Amino acid sequence: MKFLRAAMAASLLAACAGQTASAATGNVLFNGTITATCTITVNSNGTMTVSSNLQSLSSHNAGGSPGSAQVDTTGGVSLSVDPVTTTTVPASDTTATTWTPTFATSGAQTIAETGTATALTVPGTSTVAVNLAGTKSGTNRFSAGNYQATVTLRCE
């Protein structure tokens, strides 16, 4: 019985030896969709200093510095700063302050300093300088004490 099975297998193998195997191929497709997106990483906070006439508290004044952030984007988004809504001022400062946030970028896209929403049209990484100026009008002046304001940088 073993001999018969071995002989059958050998004859089957010999019959197929002269024939080539049939080849087959297939294409596997890969699809992907990337929506316009961006990420913001805050590198450093800004510092405001007061002007000599005590009517400007700004990151643009001597000794002040802008905040810094990194924006990574696919392009097709808009970069902006929201109006300042969160502030801390000394109790002695009871007069109105007008807060004006601005930003500028360098890197993948260069944007001159502005306070309005601006399109980021190209993909890549940009460094954003965020500035803030608080101003008093008329005879109003900044009081001694600690000031803090939050600027929201928005990419959408």
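Quick look at the values:
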| item | result |
| --- | --- |
| Ellipsoid semi-axes in whole angstrom, largest first, where each is sqrt(5λ) of the Cα gyration tensor of the chain | 72, 16, 12 |
| Residue with peak Gaussian network fluctuation, the chain [Cα springs, cutoff 10 Å], from Ala69, Ala104, Ala23 | Ala23 |
| Size of charge dipole - the chain - debye, nearest 20, with Cβ of Lys, Arg +1 and Asp, Glu -1, no other charges | 620 |
| Centroid-to-centroid separation of the range 32-98 and the range 115-156 [C-alpha atoms, Å] | 3 |
| Under-5 Å amide H pairs with Thr152, H placed in peptide plane, nonlocal only | Asp82 |
| Positive dipole terminus of the chain, leading residue within Ala149, Thr105, Ser137 (C-beta point charges) | Thr105 |
| Thr37-Ile111 FRET efficiency (beta carbon distance; Förster radius 22 Å; 0.05 resolution) | 0.75 |
| Degrees, to the nearest 10: 2-17 long Cα axis against longest axis of the chain | 70 |
| Order by protection proxy (mean Cβ within 10 Å, highest first), peptides 92-98, 150-156 | 150-156, 92-98 |
| Helix-derived mean residue ellipticity, 222 nm - over the chain, DSSP H n ≥ 4, -39500 (n - 2.57), to 500 | -3500 deg cm²/dmol |
| Spin-label pair Thr118/Asp82, simplified geometry with 7 Å Cα→Cβ offset, distance in nm | 2.1 |
| Listed residues Thr135, Thr86, Thr127, most fluctuating in the chain (Gaussian network, C-alpha, under 10 Å) | Thr86 |
| Value of relative contact order over the range 38-155, rounded to a whole percent, pairs C-alpha under 8 Å and six or more apart | 35 |
| For the chain, built as a Gaussian network whose Cα springs stay under 10 Å, the top-fluctuating residue of Gly64, Gly138, Gly26 | Gly26 |
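Since every read-out is calculated from the coordinates, none of them should be taken as a lab result. All values reported here derive from a predicted model rather than from experimental measurement. As a convention, Cβ positions derive from the backbone with ideal geometry for all residues, glycine included, and neighbour counts pool all protein chains shown.
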